[in-house]
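Let me begin by presenting the structure, written as structure tokens, before commenting on it.
The values are calculated or read from the model by the stated rules, or taken from the named source; none is laboratory data. Nothing here was measured: the structure is a model prediction, and the numbers come from that model. Neighbour counts are summed over all protein chains in view; Cβ atoms, including those assigned to glycine, are modelled from backbone coordinates with ideal geometry.
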Amino acid sequence: MLERLELAAIRFRLGMKNRLEKFKSDERGMATVEMVILIVVAVILIGFIVNFLTRNGFGPNKDMGLIEFLFDKMRTSLTDTFSKAEGK
């Protein structure tokens, strides 16, 4: 009985070792690692971009984010344009 358990343990160990070697040499394993790395880099870049666009530092008092500043400029420009058009 003990010999059977030893043999089963050895077979299991060799089988797992073969599977690991096959996985390491297979392209799917490398593609998975590359995809995870690319996703992490993309999330970090998006975080930096969103932080840049929404943090303070723009506008006349440096209290607006870039997006808020641009929308404020558009609103001011459109308000001036419409007020001039109504005045004529």
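Quick one: which of LYS62, LYS22 is out of contact with any strand residue (DSSP E or B) (no Cβ under 9 Å at 6 or more places or on another chain) and assigned to a helix (DSSP H, G or I)? Give the derivation first.
Numbers: LYS62 fails: assigned to a helix (DSSP H, G or I).
Only one candidate qualifies: LYS22.
Do the conditions hold for ALA8, that is, is it within 33 Å of the chain's Cα centre (by Cα), surrounded by 10 or more Cβ atoms within 10 Å (Cβ to Cβ) and of a type in the set (Gly, Ala, Ser)? No; evaluated as a whole, the condition is false for this residue.
Screening the candidates LEU53, LEU70 for the property of being surrounded by 12 or more Cβ atoms within 10 Å (Cβ to Cβ), at pLDDT 85 or above, assigned to a helix (DSSP H, G or I) and of a type outside the set (Val, Ile, Thr) yields one hit, LEU70. Going by the conditions given, is GLU34 surrounded by 10 or more Cβ atoms within 10 Å (Cβ to Cβ) and at pLDDT below 90? Yes, satisfied.
For ILE67, indicate whether it is touching a Leu at 6+ places or on another chain (Cβ under 9 Å) and among the aliphatic types (A, V, I, L, M).
Numbers: touching a Leu at 6+ places or on another chain (Cβ under 9 Å): yes; among the aliphatic types (A, V, I, L, M): yes.
So ILE67 fits the description; yes.
Residues of segment 1-57 being touching a Gly at 6+ places or on another chain (Cβ under 6 Å) and either touching a residue at least 60 places away in the same chain (Cβ under 8 Å) or among the polar types (S, T, N, Q) (or both), which ones? Selection gives THR54 alone.
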